[in-house]
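What follows draws every value from the coordinates through simple rules; no lab data is involved. All values derive from a computational prediction rather than experimental measurement. All Cβ positions, glycine included, derive from the backbone under ideal geometry; neighbour counts span all protein chains shown.
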Amino acid sequence: MKNVTINNQVLPALGIGTWEMGDDPEVREEEITAIRSGLDAGLTVIDTAEMYGNGHSEELVGEAIKPYQRSQIFLISKVLPQNASAHKMRQSLAASLKRLQTDYLDLYLYHWRGMVPLLETVSELQSLQDEGLIRAWGVSNFDIDDMEELWQVPNGQNCVVNEDLYNLETRGIEFSLLPWQREHHIPLIAYSPLGRGPKMGSTMMKNEAVIQVAEKHKASPYQILLAWVMQQPDVLAIPKSSSSKHLLSNLRALDIELTKKDLQVLEQAYPKPDHKEPLAIY
């Protein structure tokens, strides 16, 4: 099983994403079952946020993890930019913890940059960590300029991770951000590792190169796309996992090793960037 180390914890390189989960009562039980299927299969990372469904996703996760030992789960949530101040963040975290039915987070992320000065946000994140309410903190949707600025802020170098959009067709961060993170030992959490599907303009699943590699490995295009993301150094993939069938299918990607030839075929279809691109955000 591929692994990633975050805050000195060795974790599976595949996590359980919960974006767009928790909103529909009709599929609630199916979503809870999916999360539990992942935990039962050895996945330990669950990624959520106060923004997802206005807290409903956190409530869903809180219910799903009830039967499990808290220490066996690596729980991530995120604070909205408008709540990332000294005045509001503690209150925001308390609400997240209540919904999640836990007394600490393993990782708390600043969801994206807003109007609050970075110094103030970092200072409050560090205070929450020092008090044990969060075990570690990181950022999300930060580009290289943001990371370089963060590194100059007092305690900014205590950031343990950056979560950004990353998949085979969205490789812009490979030009400068990912090399910077690897140089500074900051792992990447890749959200939307499968893209956002045909409705959002993604055609990866039907791309001939992806299908060719999938057939060679007797795998699905989804599994190949996940395997590609997880084969990048220090990257944790968090696909949305709303059904047990899809989640358990995703697991096989942890054991797929793409060859040099496979990677060349995929790169020919989706080339590596040769210049700085604006940070992609969904």
- Lys and Arg at +1, Asp and Glu at -1: neighbours of residue 15 with Cβ under 11 Å from its Cβ sum to -1
- Å³ per residue of the Cα convex hull, for the range 157-282? 121
- Task: Give, as a single signed number, the net charge of other residues whose beta carbon lies under 13 Å from the beta carbon of residue 155, with Lys and Arg counted +1 and Asp and Glu -1.
- Result: -3
- Roughly what % antiparallel, to the nearest 5, for the DSSP beta bridges in the range 3-269? 15
- Message: On the principal axes of its Cα set, how long, how wide and how thick is the range 3-269? Give whole Å, largest value first.
- Response: 54, 43, 33
- Item | Counted charge near residue 113, where neighbours are those whose Cβ lies closer than 10 Å (Asp, Glu -1; Lys, Arg +1) | -3
- Output ordering of 153-166, 67-80 (per-residue mean of other Cβ within 10 Å, highest first) is 153-166, 67-80
- Return the FRET efficiency for the residue pair residue 26, residue 206: r is the Cβ-Cβ distance, R0 is 30 Å, and the value is rounded to the nearest 0.05. 0.55
- Message: Could you check the spin-label model distance between residue 268 and residue 33? Points 7 Å from the Cα along Cα→Cβ, value in nm.
- Response: 4.3
- Item | Additional length obtainable on full extension of the chain from residue 94 to residue 70, 0.36 nm per residue less Cα span | 6.9 nm
- What does the convex hull of the Cα atoms come to per residue for the range 18-169, in Å³? 122
- Task: Just need the relative contact order of the range 7-118 here, percent rounded to a whole number, with Cα pairs under 8 Å and 6+ apart.
- Result: 26
- Item | Inter-part distance where the range 216-282 and the range 1-68 are each reduced to a Cα centre, Å | 20
